[in-house]
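The values are calculated or read from the model by the stated rules, or taken from the named source; none is laboratory data. Everything numeric in this text was worked out from a predicted model, so none of it was measured. Glycine gets a Cβ as well: all are built from the backbone with ideal geometry, and neighbour counts include every protein chain shown. Accessible surface areas use protein heavy atoms only, side chains included; no ligands, DNA or RNA. Shrake-Rupley method; radii C 1.70, N 1.55, O 1.52, S 1.80 Å.
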Amino acid sequence: MTDYDKLVHQYYDLRDTDRRVDEFTTQIGSKKLAAHKSSRDEIMAAIQNQGLCLD
């Protein structure tokens, strides 16, 4: 994962040199991303509440 992290960081860093770029693992592990709630979350909850989820 470290090699991938470096590769993605370098790609985005070279793509836009005027903007700071966090490492990939920092971005995917951020609290902001984890706290994001989408309409898909609400749909899945409704499906589970109705007993329609087969998983």
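Some notes on this structure:
- Taking 0.36 nm per residue of separation and subtracting the current Cα-Cα distance, fully stretching the chain between E23 and N49 would add 5.6 nm.
- A cut-off under 11 angstrom between Cβ atoms defines the neighbours of K6, and their net charge, with Lys, Arg +1 and Asp, Glu -1, is -4.
- Which labelled figure in (1) 43; (2) 123; (3) 67 is volume of the Cα convex hull per residue in Å³, once derived from the coordinates: (2)
- 3J(HN,Hα) from dihedral phi, the stretch 48-54, Karplus parametrisation 6.51/-1.76/1.60, rounded to Hz, x for glycine, proline: 5, 5, 8, x, 8, 7, 8
- Of all accessible heavy-atom area on the chain, the percent that carbon and sulfur account for (1.4 Å): 51 percent
- In the context of the full set of protein chains, the chain has a per residue accessible area of 97 Å² (1.4 Å probe).
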